[in-house]
Amino acid sequence: MPPKLAKQVENIMAGYVGGECVFVPSGRMALYLALKVWLPAGAKVLMSPIDDDVIFFTVIAAGMRPVMAPISDKTGNMDIDAILEETWQMLDAVMTMNHHGAPDEMELLLEKCREHDLFLLEDAAHALGIFHDGKPLGSFGDAAGFSFSKHLGIHGGALCFKDASKMDAIRKAYREAIQVRPLKKKIEDVVRPLLWSIMDFLHIRKLVWKIKSGLGLTKRKARQGKSRMPLRAEQLRSAQASRDIGAFDPWVLVDGPMSRTETKNKEIAALISKLQPYLDDNSDWLKGVEKLTKLDAAIPITRELTDQPLMRVPLLVESRESIRGKLRESSMSVPYVYFPPLDEYAGTEFCDPSTAPENAQWWGEHVLPIPPLFADKFIGLVDTLGLDIRLARRDKSL
């Protein structure tokens with residue numbers, strides 16, 4: 001790890017959350033390290049059934065057993081009041097999701113975790129710059145994982161935590177899990193920018209990208225329009241038996257092949273140039289949030305969050321997949337749709353199912369998360385394409 005540049009990121013994030021911080025290549029790497037350091041193998045971790053499958057497999061890769069929580073159909077986050085007492089009693093940890101940036105019920109979660117002596121891990125990948133009751137998300141729990149790519153478009157992450165005595169154990173776990181940047185990638189680091197410069201000079205970069213996409217040669221093409229990767233249960237069993245993090249790469253690294261590979265100096269420098277300015281001023285995001293929350297399909301809770309730079313503004317619509325398809329045809333991809341719920345997707349072999357799965361199923365079918373920075377483009381396409389984005393209602397709960 002490049003110590004000087006990484007230390008600058010750590011100092012920024014430590015000042016932001018008010019604790020300790022370690023720079024890592026990705027948010028999923030941060031969560032993996034937290035689980036490995038704080039919890040014993042086989043620990044049960046409560047998480048959202050509408051979380052990313054990459055995060056689900058990260059929990060499994062760390063040797064833990066995911067437990068699916070009931071969720072609220074008003075927020076898409078955990079419904080704390082709906083979690084049964086017997087569930088609380090068998091847990092070892094809780095991992096928040098902060099769905100698309102909307103804060104989980106942190107005070108209630110803290111109270112429950114203290115009552116049952118549970119490790120509270122905040123997945124703050126969607127929540128950089130988000131505050132709740134005057135405190136940044138990532139500062140409530142015992143530890144938090146941040147992903148800078150979601151808001152800043154640059155690879156990198158941070159593990160932030162309160163117990164300074166864990167620093168040596170985290171550094172050790174990091175050294176055991178990190179991959180040295182392979183020679184092939186080092187060569188690509190030099191060659192790719194040169195090729196891009198040539199394509200830009202010839203004004204053909206977009207043309208080349210369209211050709212590659214049409215031939216199915218881009219990584220994005222493989223998951224475009226899909227919400228979950230193939231489970232591959234037999235291979236997953238073998239990976240669990242191996243207890244080797246590398247065995248989980250086909251799942252954990254599916255859309256982020258460098259997620260546990262040493263970050264380049266150039267990338268860290270670019271991150272430093274954007275991180276503090278974003279934390280100081282994310283007004284561009286707020287403008288987009290305000291526009292999107294005025295739409296009929298915006299869930300009511302988001303209208304209370306117009307002062308927060310939500311990673312995505314979740315709309316609830318009928319015929320969601322039809323709308324996504326029309327948007328893709330107009331070159332606007334809508335990722336971060338997590339469906340079906342993880343307990344339906346993975347089954348009881350790999351997780352404990354939710355005791356109240358209905359809300360997750362309904363939310364997953366209807367949520368359409370739109371990035372604030374693309375608010376104008378989306379609203380324009382709604383008019384141009386005649387998209388039906390009226391608020392989907394269920395039992396008059398919204």
Notebook entry, point to check: Just wondering, is there one or more residues in the range 37-55 that are at positive phi and touching a residue at least 60 places away in the same chain (Cβ under 8 Å)?
Noted result: no
Margin query: Among the numbered criteria (1) assigned to a loop (DSSP other than H, G, I, E, B); (2) more than 18 Å from residue 104 (Cβ to Cβ), which one does residue 291 miss?
Written below: (1)
Next item on the list: Would you please list the contacts, defined by Cβ atoms under 7 Å and residues six or more apart or on different chains, that run from a residue in the range 146-158 that is in a helix (DSSP H, G or I) and open to solvent by 10 Å² or more (accessible area, probe 1.4 Å) to a residue that is of a type in the set (Phe, Trp, Tyr) and modelled with pLDDT of 95 or more?
Entry: 151/278; 152/278
Notebook entry, point to check: What about residue 231, is it modelled with pLDDT of 95 or more, open to solvent by 40 Å² or more (accessible area, probe 1.4 Å) and aliphatic (A, V, I, L, M)?
Noted result: no
Check: If we scan the range 98-118, do we find a residue that is aliphatic (A, V, I, L, M) and part of a strand (DSSP E or B)?
Finding: no
Checklist line | Selection from the range 225-262 of residues that are closer than 18 Å to residue 36 by Cβ, among the polar types (S, T, N, Q) and part of a helix (DSSP H, G or I) | finding: 240, 242
Check: When only residues in the range 54-65 that are farther than 15 Å from residue 99 by Cβ and within 12 Å of the chain's Cα centre (by Cα) count, which is surrounded by the most Cβ atoms within 10 Å (Cβ to Cβ)?
Finding: 58
Note to self: Being over 16 Å from residue 317 (Cβ atoms) and without any contact (Cβ under 8 Å) to a residue 24 or more places away in the chain is the filter here; which residues of the range 366-383 pass it?
What the structure shows: 380
Check: Right, residue 319: in contact with an Asp or Glu (Cβ under 8 Å, 6 or more places away or on another chain), modelled with pLDDT under 95 and open to solvent by 30 Å² or more (accessible area, probe 1.4 Å) or not?
Finding: yes
Next item on the list: Considering each residue of the range 1-49, count those that are open to solvent by 30 Å² or more (accessible area, probe 1.4 Å), outside any helix (DSSP H, G or I) and under 23 Å from residue 66 (Cα atoms), and give that number.
Entry: 4
Check: In the range 277-300, how many residues are open to solvent by 70 Å² or more (accessible area, probe 1.4 Å) and at pLDDT 95 or above?
Finding: 7
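Here are some residues: 68, 78. Which one is touching a helix residue (DSSP H, G or I) at 6+ places or on another chain (Cβ under 9 Å) and without any contact (Cβ under 8 Å) to a residue 40 or more places away in the chain? Break it down into steps so the answer makes sense when it comes.
Details: 68 fails: without any contact (Cβ under 8 Å) to a residue 40 or more places away in the chain.
Checking each option against the conditions leaves just 78.
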Notebook entry, point to check: What is the one condition in (1) under 27 Å from residue 175 (Cβ atoms); (2) in contact (Cβ under 8 Å) with a residue 40 or more places away in the chain that residue 120 does not satisfy?
Noted result: (2)
Notebook entry, point to check: Do you know which residues across the range 342-380 are in a loop (DSSP other than H, G, I, E, B) and of a type in the set (Phe, Trp, Tyr)?
Noted result: 350
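Please determine whether any residue of the range 381-396 is assigned to a helix (DSSP H, G or I) and in contact with a Gly (Cβ under 7 Å, 6 or more places away or on another chain).
No, every residue in the range 381-396 fails to be assigned to a helix (DSSP H, G or I) and in contact with a Gly (Cβ under 7 Å, 6 or more places away or on another chain).
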Item checked: Count of the range 348-365 residues which are surrounded by fewer than 21 Cβ atoms within 10 Å (Cβ to Cβ) and touching a residue at least 24 places away in the same chain (Cβ under 8 Å) -> 9
Margin query: Looking only at the range 257-276, filter to residues that are hydrophobic (A, V, I, L, M, F, W, C) and under 22 Å from residue 129 (Cα atoms); which one of those is surrounded by the fewest Cβ atoms within 10 Å (Cβ to Cβ)?
Written below: 269
Margin query: So in the range 238-256, with the set limited to residues that are charged (D, E, K, R) and either in contact with a Phe, Trp or Tyr (Cβ under 9 Å, 6 or more places away or on another chain) or free of Cβ contacts under 8 Å to residues at least 24 places away in the same chain (or both), which one is surrounded by the most Cβ atoms within 10 Å (Cβ to Cβ)?
Written below: 249
Checklist line | Single unsatisfied condition, residue 253 versus (1) modelled with pLDDT of 95 or more; (2) under 26 Å from residue 364 (Cβ atoms) | finding: (1)
Next item on the list: Just give me the residues in the range 81-102 being open to solvent by 30 Å² or more (accessible area, probe 1.4 Å) and without any contact (Cβ under 8 Å) to a residue 40 or more places away in the chain, in sequence order.
Entry: 81, 85, 86, 89
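The values are calculated or read from the model by the stated rules, or taken from the named source; none is laboratory data. Please read these numbers as outputs of a predicted model, since none were measured by experiment. With ideal geometry, Cβ positions are generated from the backbone for all residues, glycine too; neighbour counts draw on all protein chains shown. Please note that ligands, DNA and RNA were not included when accessible areas were found on the heavy atoms of the full protein model with its side chains. Shrake-Rupley method; radii C 1.70, N 1.55, O 1.52, S 1.80 Å.
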